[in-house]
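The values are calculated or read from the model by the stated rules, or taken from the named source; none is laboratory data. Computed from a prediction, not measured in an experiment: that's the story for all the values here. Areas reflect the complete protein model, heavy atoms only, side chains present, ligands, DNA and RNA absent. Shrake-Rupley method; radii C 1.70, N 1.55, O 1.52, S 1.80 Å.
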Amino acid sequence: MLYPSVDALKKEIDSKYSLVSLASKRARQMQEEPGTERLHKYVSYKYVGKALEEVAAGVLTKVSQDESAVYEDEI
C-alpha cells in the first residue's frame with residue numbers, strides 16, 4: 001500500500017500535475033539542503049516520499065498568485 005494515498009494528497013492539492021511539480025521541487029530542496037525537514041518523523045526514507053508526506057500533513061501547500069503559480073511551504 002502506498003503512503004500517503006493519492007486520495008489524501010488530492011484533498012490538499014487539486015491537480016496531479018501541481019502535486020508532482022511541488023513534490024519534485026521540495027525533494028530537490030531537501031536533497032541539496034540537508035536538515036530542512038518539516039516533520040518530526042517520516043515513514044519514507046526517499047526525498048520524494050518525504051515531500052509527499054509533507055503535502056499530506058498540510059505542511060507544504062501550493063499558493064497561486066496572479067496567473068502564475070508560486071510554491072511556498074507553510075509551517
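At-a-glance table
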| read-out | value |
| --- | --- |
| Residue-normalised accessible area of the range 6-57, expressed per residue, 1.4 Å probe, Å² | 69 Å² |
| Rg to Rh quotient for the range 6-57, alpha carbon positions, Kirkwood Rh | 0.95 |
| Fraction of accessible area attributable to carbon and sulfur, the range 1-53 (%, probe 1.4 Å) | 53 percent |
